[in-house]
Amino acid sequence: MPESIAMRAMVLHGPRQALRLEDRPEPIPGDGQVLIKVSACGVCRTDLHVVDGELPQARYPIVPGHEIVGEVVRLGPGVTGFIPRERVGVPWLGWTCGHCRYCLGGQENLCDNARFTGCNIDGGFEEQVVADARYCFRLPARYGDDEAAPLLCAGLIGHRAHRMAGDAERLGIYGFGAAAHIMAQVARHQGQRLYAFTRPGDRAAQDFASELGAEWAGGSDEAPPAELDAAVIFAPVGPLIPAALRTVRKGGVVVAAGIHMSDIPAFRYEILWGERVVRSVANLTRADGDEFMQIADETEIVARITRFPLEQANEALAELRDGRLTGAAVLVPSAQPR
Ligand SMILES: [Zn+2]
Ligand SMILES: [Zn+2]
């Protein structure tokens with residue numbers, strides 16, 4: 001057995017606590033797992049939901065983080081498809097059962113027994129992590145490690161939501177954070193017209209959206225200048241569902257992309273009438289990941305990132321919570337303190 005080496009991890013011991021920096025023994029890869037040296041891990045709104053105790057499937061203590069980029073250090077028994085020193089990405093979907101009706105039906109994102117990275121499997125807010133090799137991705141070489149990290153959830157689940165929005169000419173985006181800023185670039189590349197909705201009065205986010213090609217950017221309380229074909233909601237704010245329904249045309253679709261949302265207020269049937277559709281997007285499949293990494297390889301996505309060292313994970317989460325970030329926060333173990 002290799003002798004146990006200590007590594008640093010940011011550990012969440014229970015809901016609504018601060019993460020604590022701890023030394024832990026380096027994890028040992030089990031059957032089918034790879035040991036990965038983490039070079040970057042994105043910080044996602046879902047991490048805030050884990051911290052806030054809003055996800056029933058979360059276990060504590062947990063190391064959050066599900067947008068992991070790193071280098072394979074060692075292979076556990078039976079791993080094929082990866083070699084030591086190879087760069088690898090680890091997403092939110094960490095394990096599925098393979099035998100429930102969803103797994104058998106090609107909807108592993110809905111697996112009844114799924115396990116999720118940084119939620120009920122330790123994630124990437126640490127220096128070394130183990131992951132099931134079957135759920136890891138290769139990442140497009142054109143992106144550096146810190147630029148690639150937000151692709152793994154903001155990009156990937158954004159892509160699934162984007163696809164669910166269908167073939168929209170005019171696409172609305174509610175909440176202009178990490179996921180939206182990637183989706184906007186892909187949507188513009190594909191020739192879609194973008195309408196960005198932010199917190200009322202958030203000029204910085206509106207300017208950012210305009211910079212990335214939005215034709216119109218305004219507050220979520222404002223009406224866009226044209227009827228939309230579809231809208232994707234990234235902000236975890238229930239009242240945005242009826243707000244978005246009011247902006248889409250007959251037959252239009254409103255996609256809620258977050259894992260958690262505040263309660264949706266009652267609304268008049270009239271705004272749903274006309275075959276408008278409201279739907280959620282849950283998790284990802286491995287096929288989504290392969291498809292999105294292909295798109296990311298073909299599209300020049302410029303990820304706007306703010307780097308934090310591992311020990312400043314709490315600061316990164318606080319800035320995300322307060323809406324002080326433009327783009328995505330990424331924990332980089334080797335980064336200098338901010
Ligand atoms: Zn399953
Ligand atoms: Zn995420």
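Miscellaneous remarks
- Answer residue from region 67-83, given it is more than 16 Å from ligand 2 (Cβ to nearest atom), outside any loop (DSSP other than H, G, I, E, B) and open to solvent by less than 30 Å² (accessible area, probe 1.4 Å) and is farthest from Val34 (Cα to Cα) among those: Gly70
- Of all residues in region 144-168, those being outside any helix (DSSP H, G or I) and under 20 Å from Gly94 (Cα atoms) number 1.
- Being more than 16 Å from ligand 2 (Cβ to nearest atom), closer than 21 Å to Ala141 by Cα and open to solvent by 40 Å² or more (accessible area, probe 1.4 Å) is a condition met by no residue of region 18-35.
- No other residue among Ile241, Ile264, Ile233 is β-branched (Val, Ile, Thr) and closer than 20 Å to Leu325 by Cα apart from Ile233.
- Residues that are of a type in the set (Gly, Ala, Ser), more than 29 Å from Arg115 (Cα to Cα) and surrounded by 16 or more Cβ atoms within 10 Å (Cβ to Cβ) do not occur anywhere in region 316-327.
- Within region 273-323, the set of residues being assigned to a loop (DSSP other than H, G, I, E, B) and more than 20 Å from Asp145 (Cα to Cα) comprises Trp273, Gly274, Glu275, Arg276, Val281, Ala282, Asn283, Leu284, Thr285, Asp322, Gly323.
- Residues in region 126-169 that are surrounded by fewer than 20 Cβ atoms within 10 Å (Cβ to Cβ) and of a type in the set (Lys, Arg) were compared, and the one that is farthest from ligand 2 (Cβ to nearest atom) is Arg142.
- For region 218-235, a residue qualifies if it is open to solvent by 30 Å² or more (accessible area, probe 1.4 Å) and farther than 18 Å from Ala165 by Cβ, and the qualifying residues are Asp221, Glu222, Ala223, Pro225.
- Identity of the residue in region 84-117, in contact with a strand residue (DSSP E or B) (Cβ under 7 Å, 6 or more places away or on another chain) and in a loop (DSSP other than H, G, I, E, B), that ends up surrounded by the fewest Cβ atoms within 10 Å (Cβ to Cβ): Arg85
- Flag for Pro64 being within 16 Å of ligand 2 (Cβ to nearest atom), part of a loop (DSSP other than H, G, I, E, B) and at pLDDT 95 or above: yes
- Between Ala179, Ala187, the distinction of being farther than 14 Å from Ile68 by Cα, small (Gly, Ala, Ser) and touching a His at 6+ places or on another chain (Cβ under 8 Å) belongs to Ala187 only.
- Screening His49 with (1) open to solvent by 10 Å² or more (accessible area, probe 1.4 Å); (2) more than 16 Å from ligand 2 (Cβ to nearest atom); (3) not small (Gly, Ala, Ser) gives one miss only, at (2).
- Where a residue in region 104-125 is away from ligand 2 (no atom under 16 Å from the Cβ) and its partner, wherever it lies, is open to solvent by 50 Å² or more (accessible area, probe 1.4 Å), with Cβ under 6 Å and at least six apart: Leu110/Tyr102; Cys111/Tyr102
- Here region 259-282 is the region considered, the condition is being β-branched (Val, Ile, Thr) and under 28 Å from the mean Cα position of the chain (by Cα), and the residue that is nearest to Leu48 (Cα to Cα) is Ile259.
The values are calculated or read from the model by the stated rules, or taken from the named source; none is laboratory data. As the structure is a prediction and not an experimental result, all values here were calculated from the model. Glycine also receives a Cβ, built like all others from the backbone with ideal geometry; neighbour counts cover every protein chain displayed. Side chains are part of the model used for accessible areas, which takes the heavy atoms of the whole protein and leaves out ligands, DNA and RNA. Shrake-Rupley method; radii C 1.70, N 1.55, O 1.52, S 1.80 Å.
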